[in-house]
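Okay, so here's the structure we're looking at.
Derivation of every value follows stated rules applied to the coordinates shown; laboratory data play no part. Remember, it's a predicted structure, so these values are computed and weren't measured experimentally. Cβ sites come from the backbone with ideal geometry, for glycine too, and all protein chains shown count toward neighbours.
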Amino acid sequence: VTATEQSVHVPEVDEDGAEWWEGLERDEIQFSRCMSCGQTSFPPIPGCPHCGSTELASERSAGGGSVYSWVVIHVALDPSFASEVPYTVVAVDLDEGARIVGRLRDESQRSVLRGGARAAAEVYRIDGQALLGYRLVEGR
Ligand SMILES: [Zn+2]
């Protein structure tokens, strides 16, 4: 762990998100599936964004998905990220349907990013805090 990585702040854990962070600690990427309409959603919220049902079940993603979009962060909003820029954040549509955002783990892959590119989730840790990242993978 480098000095730079130690300065990265830990995201706030709210009540609905606590289960998500606890799952991530176990290398589990969780999303919600509605028991009423079957749609998946993320982040964890009390009601289904599609139909309003509160009958939601937590499911675990296998971690594979396709790139939906990405943004390159050039100016860190948080001073603790200032030494890290530029870095890339990607939004990935998991194969199970939920769209989850994470940091691109290998910045050298930025130049080959494209919509629909295959990505694999990778849980990494900074100061013991589990965080979600992605790597582009070959295939399909
Ligand atoms: Zn629903």
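Observations, loosely collected:
- The stretch 98-138, Rg to Rh (Cα coordinates; Rh as Kirkwood inverse mean 1/r): 0.99
- Inter-site label distance for residue 127 and residue 80 at 7 Å from Cα along Cβ, in nm: 0.4 nm
- Between residue 62 and residue 35, residue separation times 0.36 nm minus the direct Cα-Cα distance comes to 7.7 nm.
- Within the stretch 39-88, GluC sites (Glu not before Pro) in DSSP loop having at most 15 other beta-carbon neighbours inside 10 Å: 55
- 222 nm mean residue ellipticity, helices alone, for the chain (DSSP H n ≥ 4; -39,500 (n - 2.57); rounded to 500): -2000 deg cm²/dmol
- Residue 26-residue 91 pseudo-label distance in nm [points 7 Å out on the Cα-to-Cβ vector]: 3.0 nm
- Equivalent ellipsoid semi-axes, the stretch 50-132, via Cα gyration tensor eigenvalues times 5, rooted, Å: 25, 17, 13
- Overall, the ratio between the Cα radius of gyration of the chain and 2.2 N^0.38 Å, rounded to two decimals, is 1.09.
- Other-chain or far-sequence residues with amide H under 5 Å of residue 123's (modelled H): 133
- Maximal additional length on extending the residue 69-residue 45 stretch stands at 6.4 nm, based on 0.36 nm per residue less the C-alpha distance.
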